[in-house]
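Here is the structure we will look at, set down as structure tokens.
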Amino acid sequence: MPNHTPNNTALLSRSLAAVWHPCSQMKHYESFPLVPIARGSGVWLYDCDVKRYLDAVSSWWVNLFGHCNPRINAALRDQLETLEHVMLAGFTHEPVVLLSERLRELAPAGLGHCFYGSDGASATEIALKMSAHYWRNSGRPDKTQFISLQNSYHGETLGALSVTDVALFRDAYGALIRQQAIVPSPDSRKASAGESAEAYALRCADALETHLQRHHAELAAFIVEPLVQGAAGMAMYHPVYLKRARELCSQYGVHLIADEIAVGMGRTGTLFACEQAGITPDFLLLSKGITGGYLPLSIVMTTDEIYQAFYADQTARGFLHSHSYTGNPLACRAALATLDIFQQDNVLAANRNKATYLNQVAQPLREHPAVRDWRNTGMIWAFEVVTPHADFAQRCFALALQSELLLRPIGNTVYFMPPYVINEAEMDLLVSRTLDIVEALA
Ligand SMILES: Cc1ncc(COP(=O)(O)O)c(C=O)c1O
């Protein structure tokens, strides 16, 4: 790299001049400056001068085993010397074969075919297209509609936005998006007084059934974020909803797409969130943590039944979808190294102990009078803050940076989704400094 060690100020002004940052109103960076990052190690990100930040959001929910993890680095170095990339149409390579074989062993039974994309939104596009194309190939060309949950998030390309229920991301593009139906979210915070999370989830499943009864003839698939709706503000719900959704989708002949882009790879306590409901979806979407947070890769896993509907002599019956970097060997190798760490370090068991520890040390935070709806699933924690500040999210973000934390609240929801390598001292620091921030903003 030419300018090797820039200072913070120089990097910021060059970035603002040359880089159009994502998910941003660029003008806001006049009052809330960008955060320059020079390097990372473990849960820590370091700027170009002297500051460090504990990455409590795993850099948009991707990082699992820390920044610059030595084992993933070593695997990538080795792969770099072997094969950096080859197109996957008409060619194959060992990392993509090994990864597909290993995922087939690990995923809920029956998901034996892996189709590759690049980022999360491309996996959503692939699943939507594959589902509708399956029905077309099966003599049901009218099944072209989709349903998703209220407050769902499945990515921001046009197809993915059509099943994303976040007004801020959708409204400007309304004219470009095909309107799809939304069914009630089983978000357990919405249960009536005295109603259990399970009872509320079943009530929402009844609403899903009513919709399926009326519309199944034109429905291709129901897409859902299993157990935790991330962008909705870490809305958590009872697994019985997924179990019931699986039964209903099978009964009414509608595919179930499990978008595990954010919740897969151990985030909810099991390797895949669907395991907690004991179900196999028709499509399982993976991205984000699949490469340990190193490289863009997404995977759509599906069943033999769906695969066979495309297997024919005619080219047009095939799934003619592609991205240049589909199944990139470096990304697949990072994913293989990530799976090795899960296996060698018994990560899911270690995470259970970490979650127990964090819940214990978080007691004073949970009990703070401004904290509402404390919730935890696996390695995700969230709560709402009662505050007089309309711009709570920005203030909290800024105060957190001053306290060496990278927190990125969604509205009034503060959440922790740290890399799994976080240790007890780091959890203590995360919780105690968050408590100070809540105190300051309550
Ligand atoms: C559940 C879910 N689906 C899809 C996506 C889109 O992934 P990407 O940002 O890689 O396109 C996200 C991203 O946050 C997500 O949380």
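The values are calculated or read from the model by the stated rules, or taken from the named source; none is laboratory data. Please read these numbers as outputs of a predicted model, since none were measured by experiment. Here the Cβ positions follow ideal geometry from the backbone for every residue, glycine too, while neighbour counts run over all protein chains shown. What goes into the accessible areas is simple: the full protein's heavy atoms, side chains included, and nothing from ligands, DNA or RNA. Shrake-Rupley method; radii C 1.70, N 1.55, O 1.52, S 1.80 Å.
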Practice item. Report the label-to-label distance for residue 304 and residue 113 in nanometres (one decimal), using points 7 Å from each Cα along the Cα→Cβ vector. Key: 1.2
Practice item. Whenever you get a sec, line up 285, 399 from highest to lowest accessible area (probe 1.4 Å, protein heavy atoms). Key: 399, 285
Point to revise | Whole-Å distance, taken between Cα centres, linking segment 177-219 and segment 338-381 | key: 28
**Study point:** Simple label model, 7 Å out from Cα along Cβ direction - residue 402 to residue 87, nm
**Key:** 5.5
Check your understanding: What whole-number value in Å² describes the accessible area per residue of segment 1-95 for a 1.4 Å probe?
Key -> 63
Point to revise | Net length gained if the chain between residue 196 and residue 138 were fully extended (0.36 nm per residue, minus Cα distance) | key: 16.8 nm
**Study point:** About the Cα centre, charge dipole magnitude for segment 66-149 (Lys/Arg +1, Asp/Glu -1 at Cβ), debye
**Key:** 380
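Under unit Cβ charges (Lys, Arg +1; Asp, Glu -1), what dipole magnitude, rounded to 20 debye, does segment 187-239 have relative to its Cα centre?
On the way: 4 positive and 7 negative charges, 22 e Å.
Dipole size: approximately 100 debye.
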Check your understanding: Projected onto the charge dipole of the chain (+1 at Lys/Arg Cβ, -1 at Asp/Glu Cβ, origin at the Cα centre), which of 201, 153, 284 gives the Cα projection farthest towards the positive end?
Key -> 153
Revision key, fill the gap. The ³J(HN,Hα) series, computed from each phi in segment 35-48 with the Karplus coefficients 6.51, -1.76 and 1.60 at θ = phi - 60°, rounded to the nearest Hz and given as x for glycine or proline, is 9, x, 10, 9, 7, x, 7, x, 7, 9, 10, 10, 7, 7
Point to revise | Whole-percent carbon and sulfur share, accessible surface of the chain, 1.4 Å | key: 54
Check your understanding: To the nearest 10 square angstrom, how much accessible area does residue 190 have with a 1.4 angstrom probe?
Key -> 80
Practice item. Using DSSP, restrict attention to beta bridges with both residues in segment 158-292 and report what percent are antiparallel, rounded to the nearest 5. Key: 20
Check your understanding: Which percent, to the nearest 5, of DSSP beta bridges fully inside the chain are antiparallel?
Key -> 65
Revision key, fill the gap. Rounded to the nearest 10 Å², the 1.4 Å probe accessible area of residue 428 is 60
Practice item. Express in whole angstrom the spacing between the alpha-carbon centres of segment 281-323 and segment 28-97. Key: 24
**Study point:** Rule-of-thumb Rg ratio for segment 113-263 [Cα; 2.2 N^0.38 Å; N residues]
**Key:** 1.01
Exercise for review: From largest accessible area down, sort 129, 27, 288; use a 1.4 Å probe on the protein chains.
Suggested key: 27, 129, 288
Review point. What is the distance, in nm, between label points placed 7 Å from the Cα along the Cα-to-Cβ direction at residue 313 and at residue 158?
Key: 3.6
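Could you report segment 296-395's accessible area per residue, 1.4 Å probe, as an integer in Å²? Mind dumping the intermediate values first?
Numbers: 4860 Å² over 100 residues.
Result: 49 Å² per residue.
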Point to revise | Calculated log₁₀ intensity ratio I(q)/I(0) where the Debye formula runs over C-alpha points of segment 1-142, q = 0.20 Å⁻¹ | key: -1.35
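May I ask for the percentage of alpha-carbon pairs in the chain that lie more than 29 Å from each other? Present the calculation step by step, with values, prior to reporting the outcome.
Details: 47289 of 97461 pairs.
Of all Cα-Cα pairs in the chain, 49 percent lie more than 29 Å apart.
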Practice item. Compute the projected area of the convex hull of the Cα atoms of segment 228-298, averaged over all viewing directions, and report it in nm² to one decimal place. Key: 4.9
Review point. Tell me, what is the FRET efficiency for residue 17 and residue 179 to the nearest 0.05, using R0 = 45 angstrom and their Cβ-Cβ distance as r?
Key: 0.70
Check your understanding: Past the 32 Å Cα-Cα mark, which pairs from 27/190; 51/354; 129/288; 27/51; 27/354; 129/354?
Key -> 27/190; 27/354; 129/354
Review point. To the nearest 20 debye, what charge dipole does segment 1-94 have about its Cα centre, counting +1 at the Cβ of each Lys and Arg and -1 at the Cβ of each Asp and Glu?
Key: 300
Review point. DSSP loop chymotrypsin sites (Phe, Trp or Tyr not before Pro) in segment 242-313 with at most 14 other Cβ atoms within 10 Å of their Cβ, which ones?
Key: 311
Check your understanding: If you rank 291, 9 by how much accessible surface each has, with a 1.4 Å probe, what is the order from largest down?
Key -> 9, 291
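Of all GluC sites (Glu not before Pro) in segment 72-113, which ones are in loop regions per DSSP and have a Cβ with at most 16 other Cβ atoms within 10 Å?
Hits after loop and neighbour filter: 81, 84.
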